[in-house]
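Note sheet for the following structure.
The values are calculated or read from the model by the stated rules, or taken from the named source; none is laboratory data. As the structure is a prediction and not an experimental result, all values here were calculated from the model. Reconstructed Cβ throughout: ideal geometry from the backbone, glycine too, with neighbour counts over all protein chains shown.
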Amino acid sequence: MNCINIEQTIKQINTLNEAVQKNENKKFELKFIYLNEFDDIKDAINKFGIIHKQGIRHTDIEYYAKYFPPCMNFLFKKLKEKNHLKFDGRMQFGLFLKCGVGLSLAESLLFWEKSFQPKFDTIEFNRHYAYNIRHNYGKEGSRIDYTSMDCQQIQNHSEPKSFDHYHGCPFKHFSTSNLIDYLNFYIRQYRDPSNSIISSTFSSTTTTTTTSTSTSTSSQDILPIMSLVSQKSYCKACSCLLQLIQGGGYSYYYGNTSSSIDAQEIITSPDKYFLSNFNYFIRK
């Protein structure tokens, strides 16, 4: 199921579910088999991540990237810019695409091969990179079916040691100025529809600038997030950002719970962030 079909399907979910129950629409039967497990449509939509992973194509990733958590959003942006990621970045992002987004092995191979072009041709890609991708899917070596990294693993597994290492957790590993820059960029993706992840000009070495325009992020928006970062509460900071972009304000401070996560719920994995964020905006 592609991205456009997901949006259309959610809007028509009551009608389609009724058709499935009556066994009148074979086309949608498999896609909605899980709905029988839920008491109402709201629960089904909140669980839609289970369903939407069917049929994800490598060409859909650019659409989904806006809803990625900052760590994965940043890796995707750098992959687009550089046509390459170092090993740790490929592991972090590749396992997220596999488990968090639901990209199959075949689609993953296509995604990485095309992402590495024109820097690497098909022969070079197959020689140097395809094995590791198949290995992540349990098809090579020890045949372990690896899962994606959670936030604790990303924060502590392997600290970026060079300017061209883009893996890790932005809240932990970015300098203060770089993090503020990136948060400004990240939030603008939601406030300005024309400001896509590819067309935006964020650089991890730029200096922060804020303006009073409607598409800018004010220092007041970021201040509570930076306060949590200073306390080394990186998961809380990321959860706080999720509250902000979903228009729920800062429930950690004001008790507002209009976003997809509860006031005291802390995001502890990129997979959970993505599914919460994607489902929230799709069902709006």
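Structure values in brief
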quantity	calculated
Meets criteria (assigned to a helix (DSSP H, G or I), among the aromatic types (Phe, Trp, Tyr) and either modelled with pLDDT of 80 or more or touching a Phe, Trp or Tyr at 6+ places or on another chain (Cβ under 7 Å) (or both)) for Tyr252	no
Test result for Phe125, over 17 Å from the mean Cα position of the chain (by Cα), surrounded by 13 or more Cβ atoms within 10 Å (Cβ to Cβ), part of a loop (DSSP other than H, G, I, E, B) and not charged (D, E, K, R)	no
Subset of the range 207-248 that is surrounded by 18 or more Cβ atoms within 10 Å (Cβ to Cβ) and outside any helix (DSSP H, G or I) - its residue that is modelled with the highest pLDDT	Gln246
Pick from the range 151-189, criterion among the charged types (D, E, K, R) and in a loop (DSSP other than H, G, I, E, B), ranking: farthest from the chain's Cα centre (by Cα)	Lys161
Yes/no for Lys98 being within 23 Å of Pro170 (Cα to Cα), basic (Lys, Arg) and in a helix (DSSP H, G or I)	yes
First in the range 134-155 and farther than 17 Å from Ser108 by Cα, second anywhere and β-branched (Val, Ile, Thr) and surrounded by fewer than 17 Cβ atoms within 10 Å (Cβ to Cβ), Cβ under 7 Å, 6 or more apart	Asp150/Thr268; Cys151/Thr268
